[in-house]
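Data first, discussion second: the structure below is written as structure tokens.
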Amino acid sequence: MKKISLTGIKPTGIPHIGNYIGAIKPALQLSESCESRYFIADYHALNSCKNPDEIRSMTREIAAAWLAGGLDPDQVLFYKQSGVPETFELLTILLAFTPKGLMNRAHAYKAMLQSNQSAGKDPDDGVNMGLFTYPVLMAADILLFDTDLVPVGNDQFQHVEMAVDIAESFNFIYQTDALKLPEAIAQPHTKTLLGLDGRKMSKSYGNTIPIFSSEKELRKLVMKIVTNSQGIEEPKDPDTCNVFSIYQAFASPDQIEALRQRYLAGGMGWGHAKQELFEVMNEALTPIRNRYQELMQDPGYIDRVLAEGSHKAREIASAKISQLRQIVGID
Ligand code: TRP
């Protein structure tokens, strides 16, 4: 029996190559050995985004990004959270098993309280109940599908642990194993991708390279990567170099070794290193960029893929909900 992997994708903005290397690629690799269920977490986005056009367009864009990045909807169950209303029934069930104190301890919520407090505001300023109960909705997403593995970033580990806590409480009260206990798994790429300025690539630092940059933009961004002031002739250290670090995420092992030797030998300037980086990136990203553009010209296709996926996901979900209804005595 294959393990079931599941992850939720928040529809927030067009992904950058850090997302591609850190989330999309590893999740797709995992889908080769697992039965995978990946979905767009559109109701999660509602907590922070109240612009209907934005929710609609971001959902399509992020779906197109994953499809362009290689997600095959015949291999991976690909759906929208909102297309599986059983999620929200399970949310209601789980809320009855979730201590309020558990939510008080959520890092994301605590961070909001902190920043309100330091700004001299009411601690709960701008915190809606959707944000406060976010981990319970996430638990519903996960537990509805008998998930074994949840590939997520470190910032989401606590949420998956909360899903385990909630499931254990349910299973204990009814002396059942109806809710499978999930496990968060870190992305296999242990090194986080560095951004243009050498810090972790992140939208909040404004140091990203968008996946779908045109060839021209891509070249411009690569040339902007910060390096040190060593001259051409000096030997260079690949392991502390920003350019090399990104190169490793895109090049083959042979290419990586060859460039490492050129760094160590000296005689190669930063301009050359950046040109090498641009070439491997452009080669890897061109087909993805083209496919993304094709998909965005056919939004009907994206909608159909998600609708079909949601239909299949509902079949699994409704069987689970019937089982749980019976256990709790609401049948
Ligand atoms: N909270 C996740 C994030 O911010 C997205 C998400 C929602 C998710 N539901 C999930 C991830 C279920 C894994 C499993 O990225």
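The values are calculated or read from the model by the stated rules, or taken from the named source; none is laboratory data. Keep in mind that what you see is a predicted model, and the values were worked out from it rather than measured. Cβ placement follows ideal geometry from the backbone for every residue including glycine, while neighbour counts extend to all protein chains displayed.
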Condition test on residue 64, is it in a helix (DSSP H, G or I) and within 15 Å of the ligand (Cβ to nearest atom)?
-> no
Tally, over segment 8-53, of residues that are β-branched (Val, Ile, Thr), surrounded by 23 or more Cβ atoms within 10 Å (Cβ to Cβ) and within 12 Å of the ligand (Cβ to nearest atom) | 2
Matching residues in segment 65-104 - criterion: being surrounded by fewer than 13 Cβ atoms within 10 Å (Cβ to Cβ) and of a type outside the set (Ser, Thr, Tyr) | 72, 74, 96, 99, 100, 101, 104
May I ask you to list the residues in segment 240-263 that are loosely packed, with under 12 Cβ neighbours inside 10 Å and over 28 Å from residue 69 (Cα atoms)?
-> 240, 261
Give me the pairs, please: first residue somewhere in segment 52-71 and acidic (Asp, Glu), second residue anywhere and in a helix (DSSP H, G or I) and crowded, with 16+ Cβ neighbours inside 10 Å, beta-carbon distance under 8 Å, and either six or more positions apart or on two chains.
-> 61/296
List the number of the failed condition for residue 178; all other conditions in (1) closer than 12 Å to residue 246 by Cβ; (2) at pLDDT 95 or above; (3) not basic (Lys, Arg) hold.
-> (1)
Only one of 142, 93 that is of a type in the set (A, V, I, L, M, F, W, C) and farther than 24 Å from residue 31 by Cα = 93
Identity of the residue in segment 144-172, assigned to a helix (DSSP H, G or I) and near the ligand (Cβ under 10 Å from one of its atoms), that ends up surrounded by the fewest Cβ atoms within 10 Å (Cβ to Cβ) = 155
Sole residue being in the same structural domain as residue 40 (by TED's automatic domain parsing), in a helix (DSSP H, G or I) and within 30 Å of residue 175 (Cβ to Cβ), chosen from 313, 307 = 313
Within segment 267-300, the residues that are surrounded by 14 or more Cβ atoms within 10 Å (Cβ to Cβ) and either of a type in the set (Gly, Ala, Ser) or closer than 18 Å to residue 73 by Cα (or both) are 269, 273, 284, 288, 291, 292, 295, 296, 299
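Just checking, does segment 132-148 include any residue being of a type in the set (Gly, Ala, Ser) and modelled with pLDDT of 95 or more? Break it down into steps so the answer makes sense when it comes.
Taking segment 132-148 as the starting set, the residues that turn out to be of a type in the set (Gly, Ala, Ser) are 139-140.
When the remaining residues are screened for being modelled with pLDDT of 95 or more, the result is 139-140.
Yes: one or more hits.
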From the list 196, 221, pick out the single residue that is surrounded by 16 or more Cβ atoms within 10 Å (Cβ to Cβ), without any contact (Cβ under 8 Å) to a residue 60 or more places away in the chain and assigned to a helix (DSSP H, G or I).
-> 221
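Just checking: which of the helices (runs of 4 or more DSSP H) contained wholly in segment 77-143 hold 3 or more residues that are more than 13 Å from the ligand (Cβ to nearest atom)? Even if it seems obvious, please write down each step before you answer.
Numbers: elements: 86-95, 100-104, 107-118, 129-132, 134-143.
Answer list for segment 77-143: 86-95, 100-104, 107-118.
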For segment 11-29, state whether one or more residues are within 15 Å of the chain's Cα centre (by Cα), modelled with pLDDT of 95 or more, in a strand (DSSP E or B) and under 24 Å from residue 293 (Cβ atoms).
-> no
Is it the case that segment 46-63 has a residue that's under 23 Å from residue 308 (Cα atoms) and either outside the structural domain of residue 316 (by TED's automatic domain parsing) or in contact with a Phe, Trp or Tyr (Cβ under 7 Å, 6 or more places away or on another chain) (or both)?
-> no
